[in-house]
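Scroll down for the structure; my scribbles are underneath it.
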Amino acid sequence: MIPASFDYVEAASAEAAIAALTEHGDEAKLMAGGHSLIPLMRFRLATPAVVVDISRLSGLSYVRDGGDHLAIGALTRHCDVETSDMVRSQAGLLAHVAGQVGDPQVRHRGTIGGSLAHGDPASDLPAALLALGGSVVARGPGGERVIPAAELFTGFLETALAPDELLTEVRVPKVPDARWSFQKFNRRAQDWAIVGVAACGNGAGTGVALINMGQTPMVAAAVQSALASGASAADAAARAAEGTEPPDDLNGDAEYRTHLAQVLVGRALAEMA
Amino acid sequence: MTVIGTPLKRKEDPKLLTGEGKYVDDIHAVGELWMGMVRSTMAHATIDGVDTSAAAGMPGVHAVYTGAQLMDMGLWAAPLPCAWPVTPDMVNPPHYPVATGEVHHVGEIIAVVLADTRARAADAAEQVEVSYGPLPAVASIAEARTDGAKAHSELASNKSYTWALVPDPAALDAAFAAATHHVTAEFTQQRLIPVPMEPRGVLAVPGVAGGDVTIYSSSQVPHFLKILLAATTGISESKIRAVAPAVGGGFGAKLNINPDESLALVLANKLGRPVRWTETRSEAAFSTHQGRGQLQRIELAADADGKLLGVRVHLDADMGAYMMLVTPGVPLLGSFLYTGVYDVPAFGFTCDGWFTNMTPTDAYRGAGRPEASYAIERAMDILAGKVGVGPDEIRRRNYLAGGEKFENLAVPSTLVFDSGHYGPSLDLALDKAGYGDLRAEQARRRAAGDSKQLGIGLCTYVEICGLAPSRALGGLGFGSGGWEHAVVRLLPTGKAEVVSGSTPHGQGHETSWSMIVADKLGIDPADVTVLHSDTAISPLGLDTYGSRSLAVGGVAISMACDKVIDKARLIAAHQMEANPEDLEFAEGAFTVKGSPDKTMPIQAIAFGAFLAHNLPDGMEPNLQEQMTFDPSNFAFPFGTHVAVVEVDETTGQVDLLRYVAVDDCGNQINPLIVEGQIHGGIVQGVAQALWEDAAWDADGNLRNPSLLDYLVPSAAEMPSFETAFTVTPSPANPLGVKGVGEAGTIGSAAAVINAVCDALSPHGITDIEMPATPRRVWKAIQEAKQ
C-alpha cells in the first residue's frame, strides 16, 4: 500500500524529538524501528502529518546495571536485548521473549521502546515487562517520570504516555534466581501470538501476563491471586481467562482463546515448577 | 557430451540473486503516467454516481476516467476474453476492464486516475467519490445455488454451465447397484490467494514512431496477451509487442488477460504516453484472480474386497464474478483424474459452474488436478476404513495394471495414460518413511493416551500435464492449440542461440534449454543463449502453464536440434567428400566412419553455412532450423507422498513432522531443478491443507487481504523434505519427459489431511475441512467427545 503524504523530521537528540512532539502534538508520530508505525501508515490506518524519526539516537541504545534493576535504552533493538549477557543472566525471560518477536529481520530493526509504546495487546514484549513487574521512563518537556508497566497500557493501542512524551528507558528488576516461562501459540513462527503467556517467579511471588486476550497487554490477575493464596498450578491455570475480553478473529474466537489461555498458563506454571 | 541428467546450477540465478533481474517495476519510460485504481468497496451494487472532481484537481493528476467515460471513448472492440467456453450455452456476462452500471465484486475497477507519480495516483484515487446502490451479494457457492440472490442482476440464474463426462451411465448405475461398500464424501476446496513473490505489474510504452505499443507485463503468457489484447482492443496485432521481463513467479496467477493490462495498453495508445501500474500486495488479493473454490461430492462403489467398481463425482465450482481467461475450464482439467491411479470400470463426472460476487477464480498451481487428487485420495482412505484394511493395502488392490509397469493404457475417463508404474512408487515411499516403525510409534502413543498423537497420510497421485495435443484441446472447447515453437541456430562464432515460445517465470528454462541443446549438439551449455518472452524476438509461442514447457517446448527444441544436425551432416559430407550416411556425429563433431582423422566440428560447419562458399547445390545458407511440436498425448506424472503429522489434542495444533515424496516425472533434464519444483510444489499443497484460506464474509468482503492475515507458510514451518524419484519415461515424446511444475502440489494436500484424519481416527473423526487450523481441529475433537 502507499502511505499518505507526510513531513519527515529527523531528531538529532531526545530533546529535539520532544520539541517536535510539543510543536506538532497529535499530528506527530515517533518512529523508531518503524515496524509498528509503517504498516499502519501503508494501510492508511495511521496518517500522521509529521513523522519524527528517532532511530538515529544511538545514545538511547544500551543495557546498563541500575543497581536493583536493569536499565535498557528505548532504542535497543530486540536482537541486542536477546543476546545481552546481562539481560540473559538478570532477566532471562526478557532476553528469551525478545528472541521470539517476529523474525530475524524484525528483531534487527524493531526496538523495545517502540514495541512497548505501541501497546499492542498481541505483542510479546509488553507481557514480558508485566510479568517481570518492570517500568518505563517517560521524558517530556517538564522532565522525567517513571510509569510502572501495570499502569502503562490504558486501551487498545493506547498508553499512559502523553503526546509530548518520549519513552527513553525500560527498567526491569534483576531476578537472577527467577524461574520463568514463555508460551507463545501461533500458526507460523513469525506471527503474533494467537494467545501467549509470559510468567516469571521467585520467592517473592509470581507474575503472569497474557498476550492477545483483550484490549491491552494484561496481567493474569486471577492467576496471580490464586497462586498468592496457595492454590495449585492447575487451579490457578483454570482461572487464566477471568477478567479478559478475548478477541474473535480468523485464528480464534473467545471460547478457543479462553481454552488456550488456560492450557498455556498451565504449561507455563508446569515448566516453572 | 552428457549434460542431460546432471544437476547443473541455474544460469539465471546469479543475476536474480544479486538484484540484477529487471522486473516490470524496474523498467521506466520517460513521461510515464501511473494508474491509480478506484476499486469497488461493495460486492454487488449499482453505481449511482462517480464524482471525480476533487481528484481531478489534485497536484500531478493528468486525468480521471470513469467506466462510462472510457466506454464512450470507444477503446474496446470486445470485453476481456474467456478462451474456454466449455459448453455452447455457457453464460458469460460481458466483462470490461472498468465497471459501468453495476459492480460485481469488491475490488472491481470503477474509475482510473492517471498521475505523474504512484503516490499521487493513490492519493487521487482515494478522493474519487462513488455513490452505490447496494444489492444483495452472493458470497458462497451454497448461496449461489439457491438462486435467492443474483450475482448479476440481469441474469436469470447464477448458474453459468453444466458440463458432464459420463461415458456409460448404465454401467455406472450398475456398478453402484452391485457394490458392497459405498463411500459418499463431500469436500470443500477453499479459495486460495496466489502469492507470487513479485506482484503483477504492467507498463505500456507507445513507440516513438509507427503507432506501435510495447507492453511489458509480469505475465506467464505474453503471446496470449498480444493476440488477445489485439482482438479485444482492435489495435492491430502487428502493432503490439508484448514482453515479459524477469517474472517473479506466477503459479497461474499471471496466466490471464487482466483489466489493468488492457487499460494500460489502450490509454498509452490513446494518450501517446507511457502508462504503468504495479499492484500492491493487498490490491493483488482483489485484482488478481484466486484459485480453487469448489464443493466436491465424490461417491465410490467397491466390492467386498475394496476393489473399486465405480466413481461418481459432482462439483459445484465458484467462478467468481466473471469468466476470466480459463475460469470455466479449471474444473474440467481435473475431471479426468477423479479415478486417480486406480483401475475403475465405471466413471461419471458432472460440474456446475456458479457466479458469485467475489474475485474471479482461475488457474492456480495444479488447476483442477490438486482438487481431483484430493477428492479421490481422501475417499480411498475412507474406503479403507470401511473395508477394514490399511491405506496402503486399499491402494495396492486398486492400482492400474495391478501396480505393474504399463504404457498407453486407456482409462474410463476417456484418456490414454502414457506410462505408469505405481507399485514401486508406493514401496519406495513406505520404505523411505519407515512405515512399519511409524505405525508402531502411533500404536504406542495411542495406548499411552499421549496428548500428542501421530498421524500418517498416504497419497498416490497421477496428474495430467504437457498441455497438450491441439486436437484434444479442441475437443474440450479450449480456444488455443497446445503446440510449442522453437528455433535453434548456430551463429557464425560457433555459439548456439535458441528462441523458445515458452515463457519462464522462475522455472529455469534458460538452464534446461541450454542443457538440451548442449547435449544434442555436443557443445558447452555456457555457449547456448536462450531468447524468450518477447513477441518481437519469439513471435510464435504458447507460453508456460500446466507443466507444459519441457514436455512440449523442450521437446520442440530437441527436435529442432535434430534438424540442425541433419543439415549439418549434409554440409559436412559435402565438404569432406563423404556420404552423409558414412558420418557419425558425436561430441559435437562429424567423423567419417573408419577414418577418425577426418572430422569436422559443428562450429566449423556453422561458419561454413554462414559463409555459404561451399554448400551443396540448392541448400539455403546458415545453420538454423525451427520446429513446431504438437504432442500426440498428454503426459501423466505420478508419485507417492507420505506425510507424518503430530496433532496436539490439547490445542488442536498440527505439526508436520516429516514429508516423504517419491515422484516420477519421466526422464529428468536437470535433477536440481526437479528437486526445487517438488519442494515448492509440496509447500503450496501443504499450505492449502494447513494454512491458506481466502476468508470471504457473508457480504462479499475479503477478511484477510494482506499477508498479516493470509497465512503463507515459510521455511520455518516445513520439515526437511525427504525426496526420491522413480523414472518411467513417457513414450509420448522423444525425450521421454513428463513435467514436474505442479506435481508436488497435486500430491501434498491429500497426504497431509489423510495424516491429520489418521491421527484423529480414534475419535471417530473421518474428515477435517481445509485448512486444518488449530481451532478447527480442537473443535472437532471437542464435538467428537460429546
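The values are calculated or read from the model by the stated rules, or taken from the named source; none is laboratory data. Bear in mind that the values here come from a model prediction, so they are computed numbers and not experimental data. No Cβ is skipped: glycine too gets one built from the backbone with ideal geometry, and neighbour counts run over all protein chains shown. Protein only, heavy atoms only, side chains kept; ligands, DNA and RNA dropped before computing areas. Shrake-Rupley method; radii C 1.70, N 1.55, O 1.52, S 1.80 Å.
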Selection over the stretch B:432-468 where residues are part of a helix (DSSP H, G or I) and not charged (D, E, K, R) yields a count of 9
Restricted to the stretch A:1-17, and to residues that are in contact with a strand residue (DSSP E or B) (Cβ under 8 Å, 6 or more places away or on another chain) and assigned to a helix (DSSP H, G or I), which residue is farthest from A:ALA74 (Cα to Cα)?
-> A:ALA17
Selection over the stretch B:524-543 where residues are surrounded by 21 or more Cβ atoms within 10 Å (Cβ to Cβ) and either at pLDDT below 95 or farther than 30 Å from B:VAL330 by Cα (or both) yields a count of 3
May I ask you to verify whether A:GLY33 is open to solvent by 40 Å² or more (accessible area, probe 1.4 Å), outside the structural domain of A:PRO217 (by TED's automatic domain parsing), part of a loop (DSSP other than H, G, I, E, B) and more than 30 Å from B:ALA124 (Cβ to Cβ)?
-> no
Here the qualifying pairs (Cβ atoms under 9 Å; residues six or more apart or on different chains; first in the stretch B:764-775 and facing chain A (nearest Cβ under 9 Å); second open to solvent by 60 Å² or more (accessible area, probe 1.4 Å) and not in a helix (DSSP H, G or I)) come out as none
Quick one: in the stretch A:209-237, which of the residues that are within 14 Å of chain B (Cβ to nearest Cβ) and either among the hydrophobic types (A, V, I, L, M, F, W, C) or in a strand (DSSP E or B) (or both) is nearest to A:GLY133 (Cα to Cα)?
-> A:ALA237
B:LEU657 being closer than 21 Å to B:ASP431 by Cβ, outside any helix (DSSP H, G or I) and in the same structural domain as B:LEU337 (by TED's automatic domain parsing) = yes
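Could you tell me whether any residue of the stretch B:45-52 is crowded, with 19+ Cβ neighbours inside 10 Å and part of a loop (DSSP other than H, G, I, E, B)?
Filtering the stretch B:45-52 down to residues crowded, with 19+ Cβ neighbours inside 10 Å leaves B:45, B:47, B:50, B:52.
With the extra rule that they be part of a loop (DSSP other than H, G, I, E, B), the set shrinks to B:52.
Checking the stretch B:45-52: at least one residue is crowded, with 19+ Cβ neighbours inside 10 Å and part of a loop (DSSP other than H, G, I, E, B).
Conditions tested, residue by residue: (1) open to solvent by 20 Å² or more (accessible area, probe 1.4 Å); (2) farther than 30 Å from B:PRO345 by Cα.
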residue	(1), (2)
B:LEU172	no, no
B:VAL183	no, no
B:GLN190	no, yes
B:PRO194	no, yes
B:GLU198	yes, yes
B:GLY210	yes, yes
B:VAL213	no, yes
B:TYR216	yes, yes
What number of residues in the stretch B:133-158 are in contact with a strand residue (DSSP E or B) (Cβ under 6 Å, 6 or more places away or on another chain) and either within 14 Å of chain A (Cβ to nearest Cβ) or more than 30 Å from B:ASP51 (Cα to Cα) (or both)?
-> 3
Mind telling me which of the residues B:THR544, B:THR529 ends up being touching a residue at least 60 places away in the same chain (Cβ under 8 Å) and of a type in the set (Val, Ile, Thr)?
-> B:THR544
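Which of the following residues is closer than 25 Å to B:ASP697 by Cα, of a type in the set (A, V, I, L, M, F, W, C) and either within 14 Å of chain A (Cβ to nearest Cβ) or not in a helix (DSSP H, G or I) (or both): B:VAL91, B:VAL64, B:VAL130, B:VAL112?
On the way: B:VAL91 fails: closer than 25 Å to B:ASP697 by Cα; B:VAL64 fails: closer than 25 Å to B:ASP697 by Cα; B:VAL112 fails: closer than 25 Å to B:ASP697 by Cα.
On inspection, the qualifying residue turns out to be B:VAL130.
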Could you count how many residues in the stretch B:488-503 are open to solvent by less than 20 Å² (accessible area, probe 1.4 Å) and at negative phi?
-> 9
Which numbered condition B:ALA661 fails, given (1) within 14 Å of chain A (Cβ to nearest Cβ); (2) small (Gly, Ala, Ser); (3) under 26 Å from B:ILE765 (Cβ atoms) = (1)
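Of the residues in the stretch A:92-107, how many are part of a helix (DSSP H, G or I), closer than 22 Å to A:ALA178 by Cα and open to solvent by 20 Å² or more (accessible area, probe 1.4 Å)? Write out each step before concluding.
First pass over the stretch A:92-107, keeping only residues part of a helix (DSSP H, G or I): A:92-98, A:104-107.
Checking the rest, the ones that are also closer than 22 Å to A:ALA178 by Cα come to A:92-98.
From what's left, open to solvent by 20 Å² or more (accessible area, probe 1.4 Å): A:96.
The qualifying residues number 1.
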Which condition breaks for A:ARG44 when tested against (1) part of a helix (DSSP H, G or I); (2) within 14 Å of chain B (Cβ to nearest Cβ); (3) among the charged types (D, E, K, R)?
-> (1)
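B:LYS563 - would you say it is among the charged types (D, E, K, R), at pLDDT 95 or above, touching an Asp or Glu at 6+ places or on another chain (Cβ under 6 Å) and open to solvent by 20 Å² or more (accessible area, probe 1.4 Å)?
Working: among the charged types (D, E, K, R): yes; at pLDDT 95 or above: yes; touching an Asp or Glu at 6+ places or on another chain (Cβ under 6 Å): yes; open to solvent by 20 Å² or more (accessible area, probe 1.4 Å): yes.
The answer is yes for B:LYS563.
Taking the condition modelled with pLDDT of 95 or more and surrounded by fewer than 21 Cβ atoms within 10 Å (Cβ to Cβ), does B:LEU263 pass? Before you say what the answer is, go through the steps one by one.
On the way: modelled with pLDDT of 95 or more: yes; surrounded by fewer than 21 Cβ atoms within 10 Å (Cβ to Cβ): no.
Taking the combined requirement at face value, the residue does not satisfy it.
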Give the stretch B:694-711 a look and list any residue that's among the hydrophobic types (A, V, I, L, M, F, W, C), open to solvent by 40 Å² or more (accessible area, probe 1.4 Å) and either facing chain A (nearest Cβ under 10 Å) or in contact with a helix residue (DSSP H, G or I) (Cβ under 8 Å, 6 or more places away or on another chain) (or both), or say none.
-> B:LEU707, B:LEU708
Please work out which residue is farthest from A:GLY203 (Cα to Cα), limiting yourself to the stretch A:239-273 and to residues that are open to solvent by 50 Å² or more (accessible area, probe 1.4 Å) and more than 14 Å from chain B (Cβ to nearest Cβ).
-> A:GLU245
Taking the stretch B:484-540 on its own, how many of its residues are under 30 Å from B:PHE590 (Cβ atoms) and in a strand (DSSP E or B)?
-> 16
Residue by residue through the stretch A:1-30, note down the ones that are within 14 Å of another protein chain (Cβ to nearest Cβ), open to solvent by 40 Å² or more (accessible area, probe 1.4 Å) and aliphatic (A, V, I, L, M).
-> A:MET1
State yes or no: is A:THR206 crowded, with 16+ Cβ neighbours inside 10 Å and part of a loop (DSSP other than H, G, I, E, B)?
-> no
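From the list B:SER730, B:SER748, B:SER761, pick out the single residue that is more than 14 Å from chain A (Cβ to nearest Cβ) and surrounded by fewer than 23 Cβ atoms within 10 Å (Cβ to Cβ).
It is B:SER761.
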How many residues does the stretch B:115-127 hold that are open to solvent by 10 Å² or more (accessible area, probe 1.4 Å) and either under 20 Å from B:ASN701 (Cα atoms) or in contact (Cβ under 8 Å) with a residue 60 or more places away in the chain (or both)?
-> 9
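Look through B:ASP318, B:ASP305 and report the one residue that is away from chain A (no Cβ under 14 Å), open to solvent by 10 Å² or more (accessible area, probe 1.4 Å) and out of contact with any Leu (no Cβ under 7 Å at 6 or more places or on another chain). Don't jump to the end; show me each part of the working.
Values: B:ASP318 fails: open to solvent by 10 Å² or more (accessible area, probe 1.4 Å).
Of the residues listed, the single one that is away from chain A (no Cβ under 14 Å), open to solvent by 10 Å² or more (accessible area, probe 1.4 Å) and out of contact with any Leu (no Cβ under 7 Å at 6 or more places or on another chain) is B:ASP305.
Step by step: first the residues of the stretch B:128-142, then only those that are among the aliphatic types (A, V, I, L, M) and out of contact with any Lys or Arg (no Cβ under 9 Å at 6 or more places or on another chain), then the one that is most open to solvent (accessible area, probe 1.4 Å). Which residue is that?
Ranking the qualifying residues of the stretch B:128-142, first place goes to B:ALA142.
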Selection within the stretch B:623-654 - of a type in the set (S, T, N, Q) and either within 14 Å of chain A (Cβ to nearest Cβ) or in a loop (DSSP other than H, G, I, E, B) (or both) = B:SER632, B:ASN633, B:THR650, B:THR651, B:GLN653
